[in-house]
Amino acid sequence: MTCAFHQLVKRLMRVALATCLGLLLLVLPFGETAHASKSLMSGDFVKDTVSVAQTLKETVAIPDDSENRVEAEAEALELITGYISRYRNRPQFNGTTSFTTMQTALNAMAGHYKTFKNRPLPEKLKERLNKELSRAEKVVVKEI
């Protein structure tokens, strides 16, 4: 009799534990707040293109021995990701000369920052980026 009672208590404990865990899994996610990330882009293609190009040209101009270079590179990567993800899948923009030029510059810059984290931009790449970013700024105003 005590053996049957012992097994019944074990079974009830397992059911109670499973029920508590199930309720906890259902209720716990509702207690946390959801944080939406702030968009870096305004949605206006011309303004965003000019703004991103100017910001990245400022980042390129930062001296190699500057203390802020690492932070600026991280911010540049975030800005590049925001711009590309915002406009890459939009056919009204992704076929334009300005977007293609921007994408080429952004891929080169992001590729260097991700591959060579501790190395500053080479002078040839700086010149190329400045040229492409300036061209994209000029072309985007004429296109749209």
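The values are calculated or read from the model by the stated rules, or taken from the named source; none is laboratory data. Every value quoted in this text rests on a predicted model; they were computed, and no experiment measured them. Quick reminder, even Gly has a Cβ in these numbers, built from the backbone with ideal geometry, and neighbours come from all protein chains shown.
Is one or more of the residues making up the range 23-32 outside any loop (DSSP other than H, G, I, E, B), in the same structural domain as residue 133 (by TED's automatic domain parsing), out of contact with any strand residue (DSSP E or B) (no Cβ under 9 Å at 6 or more places or on another chain) and not β-branched (Val, Ile, Thr)? No, the conditions are met nowhere in the range 23-32.
Each row is one residue, and each column tells you yes or no for (1) modelled with pLDDT of 90 or more; (2) surrounded by 10 or more Cβ atoms within 10 Å (Cβ to Cβ); (3) under 25 Å from residue 140 (Cα atoms).
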{"site": "17", "(1), (2), (3)": "no, yes, no"}
{"site": "21", "(1), (2), (3)": "no, yes, no"}
{"site": "54", "(1), (2), (3)": "yes, yes, yes"}
{"site": "65", "(1), (2), (3)": "no, no, no"}
{"site": "71", "(1), (2), (3)": "yes, yes, no"}
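Let's see how each residue does on (1) closer than 19 Å to residue 137 by Cβ; (2) β-branched (Val, Ile, Thr):
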| residue | (1), (2) |
| --- | --- |
| 76 | yes, no |
| 84 | yes, yes |
| 94 | yes, no |
| 113 | no, no |
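Within the range 78-103, the set of residues being surrounded by fewer than 16 Cβ atoms within 10 Å (Cβ to Cβ) and of a type outside the set (Lys, Arg) comprises 78, 81, 85, 89, 91, 92, 94, 95, 97, 100. Between 121, 129, 133, 106, the distinction of being touching a residue at least 40 places away in the same chain (Cβ under 8 Å) and part of a loop (DSSP other than H, G, I, E, B) belongs to 121 only. Quick check on the range 73-94. Is at least one of its residues over 21 Å from residue 42 (Cβ atoms), without any contact (Cβ under 8 Å) to a residue 12 or more places away in the chain, outside any helix (DSSP H, G or I) and touching a helix residue (DSSP H, G or I) at 6+ places or on another chain (Cβ under 9 Å)? Within the range 73-94 (the criterion being over 21 Å from residue 42 (Cβ atoms), without any contact (Cβ under 8 Å) to a residue 12 or more places away in the chain, outside any helix (DSSP H, G or I) and touching a helix residue (DSSP H, G or I) at 6+ places or on another chain (Cβ under 9 Å)), the answer is no, since none of the residues qualifies.
Residue-level check: of (1) closer than 17 Å to residue 42 by Cβ; (2) modelled with pLDDT of 95 or more, residue 108 misses just (1).
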